[in-house]
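Novice: I have a structure I would like to understand better, so I am pasting it below and will then ask my questions one at a time.
The values are calculated or read from the model by the stated rules, or taken from the named source; none is laboratory data. Treat the numbers as computed from the prediction; the structure is a model and nothing was measured. Positions of Cβ are generated from backbone atoms using ideal geometry, with glycine treated the same way; all protein chains shown enter the neighbour counts. Calculation scope for accessible area: heavy atoms of the full protein, side chains included, ligands and nucleic acids excluded. Shrake-Rupley method; radii C 1.70, N 1.55, O 1.52, S 1.80 Å.
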Amino acid sequence: QAQFVESGGGLVQPGGSLRLSCVVSGITFSWNPMTWHRQAPGKERELVAVIPNAGGNTNYADSVKGRFIISRDNAKNTVYLQMNSLKPEDTAVYYCNVNPPNRAYWGQGTQVTVSS
């Protein structure tokens, strides 16, 4: 059974940084492109970043381009999201999934709150 476990969220001031991690089990991680998504209160879940199965060409939502970096370690079955220059509008629950997302793989997510 696949498990996606996100961690690394927390409370941070505007302009600060966080690094999220997502450890995956139950699938062949290295075969799958991976994604990070987020859902803010009262809003739909949105795609934040995508990374191919072997790394390389990444893609980002316009709202995070130049501030967030997605990466992966296939030896550790882990995908990361480095978030810099955080803004209050980045406040959300962050989730990882494969690409395209599989509804069975949504985990609990990790809460990121950007506030002074």
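Novice: When you scan the stretch 52-60, do you find a residue that is modelled with pLDDT of 95 or more and among the hydrophobic types (A, V, I, L, M, F, W, C), even just one?
Specialist: So far as the stretch 52-60 goes, no, none of its residues is modelled with pLDDT of 95 or more and among the hydrophobic types (A, V, I, L, M, F, W, C).
Novice: Additional query: Which residues, taken from the stretch 34-50, are at negative phi, loosely packed, with under 14 Cβ neighbours inside 10 Å and either in contact with a helix residue (DSSP H, G or I) (Cβ under 7 Å, 6 or more places away or on another chain) or not charged (D, E, K, R) (or both)?
Specialist: Passing the criteria: only PRO41.
Novice: When you scan the stretch 1-48 for strands (runs of 3 or more DSSP E) that lie fully inside it, which ones turn up with 1 or more residues that are within 15 Å of CYS96 (Cβ to Cβ) and out of contact with any Pro (no Cβ under 7 Å at 6 or more places or on another chain)?
Specialist: The strands (runs of 3 or more DSSP E) meeting that bar are 3-7, 18-25, 34-39.
Novice: Take the stretch 19-28 and flag every residue that is touching a residue at least 40 places away in the same chain (Cβ under 8 Å) and out of contact with any helix residue (DSSP H, G or I) (no Cβ under 9 Å at 6 or more places or on another chain).
Specialist: If the condition is that a residue be touching a residue at least 40 places away in the same chain (Cβ under 8 Å) and out of contact with any helix residue (DSSP H, G or I) (no Cβ under 9 Å at 6 or more places or on another chain), then ARG19, LEU20, SER21, CYS22, VAL23, SER25 are the ones that fit.
Novice: Follow-up. Do any residues in the stretch 65-89 that are within 16 Å of LEU47 (Cβ to Cβ) have Cβ atoms under 8 Å from those of residues that are open to solvent by 40 Å² or more (accessible area, probe 1.4 Å) and of a type in the set (Phe, Trp, Tyr), where the two are at least six apart or on different chains, and which pairs are they?
Specialist: Listed pairs, sorted by first residue: PHE68/TYR60; ILE70/TYR60.
Novice: Does the stretch 53-70 contain any residue that is under 18 Å from ILE27 (Cα atoms), out of contact with any Pro (no Cβ under 6 Å at 6 or more places or on another chain) and not small (Gly, Ala, Ser)?
Specialist: No: zero hits.
Novice: Among the strands (runs of 3 or more DSSP E) lying completely within the stretch 51-108, list those that include at least 1 residues that are open to solvent by 50 Å² or more (accessible area, probe 1.4 Å).
Specialist: 68-73, 78-83
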